[in-house]
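Notes for the one structure printed next.
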Amino acid sequence: MKKFIALALAMVACIALFAGCKEEKTVVVGYTDYAPMNYLDESGKLVGFDTELAEAVFEGLGYKVVFKEIEWSAKYTDVNSGNIDCIWNGFTANVADDDDGVQRAQKVDFSYNYMENRQVIVVKKDSGITTAADLSGKQGAAESGSAGEGYGKSFEGATIKGFLKQTDCLFEVKSGTAAFCVLDAQLAKSYCGKGDYADLQIVDDLSSDVEYYAIGFKKGSELTAEVNKQLEKLAKDGTIAALGEKYGVANTVITDFSDQK
C-alpha cells in the first residue's frame, strides 16, 4: 500500500512538473548585431544595453527571453508573422520609412521612448568631407530599411546603397568602396576612431535631428502596455540608468516617461 501511495505521489509530482513546464511563457526578441545595444562579447555571449534591458523587463513579467537575429529590412514581416514578438534593437520610432513614406508608428505599436539617438555621417579622416555639399556625387552606404538609409537620401546629389548590417557600412568606408556611411550615433561612437576603424570619424555638423528608440510590437499586442509598466519600474529603481552607465550611453537614456503616457 505504501509503495502504491509513493508511486501515486511521484506520478502527481511529474504531472505537476510537466504542466509547469508547459505553462512557461516565452518571448522572442528580434535584434541585429549592433554595439552597444546587442552584440557578442569576447566569450560569444550576447550582451548590450538593449539585451540586458530586455532580460530585466521580461524577467519582471515572468517570461523566458529568446533572442533571434533578424534582417533589419524584414523586421515588419517577422513581427507580424509571429516569427518574433518584438523588435528591440535601437529601433527609431519617430520617423517614416523611406520605402513608402509611412510613419513607423502606423506599422507597429511602440513602447515608451527609452533612448535618444541621431543619424550621423561617418567618413575617413582624410576625406575632406565637412559639409552637405561635399556629399553631392558621392556614394554612401546605409543599412537597408533603416532610418539612416532615409536620412542619407535626404542629401541632394548623394547616392545611397543598402547593406545588410550597419557594421557592413563601416567596412565599405574603411575599404574605400563608399565615401561615407550613415549610422546610428550610438553605434558610430562605439567604432569610430578605435581599433580597425581608427581612421574613421563622425562629421558632427551633418548629424540629424534627435530621434528616439522604442520597442516595436505587432499592432494590438498586449505586451506593449506590460512592457511600459516594467520600463517605469526599472527607471524608478535605477536599473535603466545603471545600464546606461555600463554601456556608455548614460547621457542619452530616458528615465522619466511621465510625458509619454
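Derivation of every value follows stated rules applied to the coordinates shown; laboratory data play no part. Just so it is clear, the structure is predicted and the values come from calculations on it, not from any experiment. Cβ placement follows ideal geometry from the backbone for every residue including glycine, while neighbour counts extend to all protein chains displayed.
Check which residues have an amide H placed less than 5 Å from ILE254's amide H, if you skip close sequence neighbours.
Amide H to amide H, under 5 Å and 5 or more residues apart or across chains, ILE254 pairs with MET115, GLU116.
Once every DSSP H run of n ≥ 4 in the chain is given -39500 (n - 2.57) and the sum is divided by its residues, what mean residue ellipticity at 222 nm do you get, rounded to the nearest 500 deg cm²/dmol? Before the final figure, lay out each step's value.
Values: 8 runs with 86 residues, N = 261.
For the chain, the value works out to -10000 deg cm²/dmol.
Over the range 102-203, how many pairs of lysines fall under 18 Å by alpha carbon, counting only those 8 or more apart in sequence or from different chains?
Summing the qualifying lysine pairs gives 19.
Could you work out the relative contact order of the range 119-208, using alpha carbon pairs under 8 angstrom and six or more residues apart, expressed as a whole percent?
The normalised contact order for the range 119-208 reaches 43 percent.
Could you tell me the distance between the Cα centroids of the range 152-181 and the range 64-143, to the nearest Å?
14
Roughly what would the spin-label model give for SER73 and ASP168, points 7 Å off Cα along C-beta, in nm?
Label-label distance for SER73 and ASP168, simple model: 0.7 nm.
Express in nm, to one decimal, how much length is gained between ASP199 and PHE257 on full extension, taking 0.36 nm for each residue of separation and deducting their alpha carbon distance.
Extra length available between ASP199 and PHE257 comes to 17.0 nm.
How large is ³J(HN,Hα) for each residue in the range 132-148, as worked out from phi by the Karplus curve 6.51 cos²θ - 1.76 cosθ + 1.60 (θ = phi - 60°), to whole Hz, x for Gly and Pro?
4, 4, 5, 7, 4, x, 9, 8, x, 10, 8, 5, 4, x, 9, 5, x
What are the residues whose amide H is under 5 Å from the amide H of VAL47, where those residues sit 5 or more places off or on another chain and H is modelled from the backbone?
Hits under the 5 Å cutoff: TYR39, LEU40, ASP41.
In sequence order, what are the phi-derived ³J(HN,Hα) couplings for the range 57-70 according to the Karplus relation 6.51 cos²θ - 1.76 cosθ + 1.60 with θ = phi - 60°, rounded to whole Hz, with x for glycine and proline?
4, 6, 4, x, 9, x, 9, 8, 9, 10, 8, 10, 6, 10
Quick one: Cα convex hull volume of the range 119-208, Å³ per residue?
It comes to 76 Å³ per residue, whole-number rounded.
Mind putting a number on the dipole of the range 46-197 about its Cα centre? Charges go on the C-beta only, +1 for Lys and Arg and -1 for Asp and Glu, and I need it in Debye to the nearest 20.
Result for the range 46-197 is approximately 420 debye, rounded to the nearest 20.
Of the listed values (i) 56, 41, 38; (ii) 89, 39, 35; (iii) 69, 48, 29, identify the label whose number matches Cα extents along the principal axes in Å calculated from this model.
The calculated read-out lines up with (ii).
In whole Hz, what ³J(HN,Hα) sequence does the range 102-117 give by Karplus (6.51, -1.76, 1.60; θ = phi - 60°), x for Gly and Pro?
8, 4, 4, 5, 8, 9, 9, 8, 9, 6, 4, 5, 10, 7, 8, 8
What is the set of long-range amide H partners of LYS161 at a cut-off below 5 Å, with H atoms built 1.01 Å from backbone N?
Close amide H contacts, sequence-distant or interchain: GLY140, ALA141, ALA142.
With label points built 7 Å along Cα→Cβ from the Cα atoms of LYS153 and GLN106, find their separation and express it in nm.
1.5
What percent do you get for the relative contact order of the chain when only Cα pairs under 8 Å and 6+ apart count?
23
Work out, step by step, the length gained on full extension between ALA96 and LYS125: first 0.36 nm times the residue separation, then minus their alpha carbon distance; give nm to one decimal.
The span from ALA96 to LYS125 would gain 7.3 nm if fully extended.
For the range 113-183, which GluC sites (Glu not before Pro) are in a loop by DSSP, counting at most 10 other Cβ atoms within 10 Å? Could you put the intermediate results ahead of the total?
Details: sites: GLU116, GLU143, GLU149, GLU156, GLU172; in loops: GLU156.
Sites meeting the loop and neighbour criteria: GLU156.
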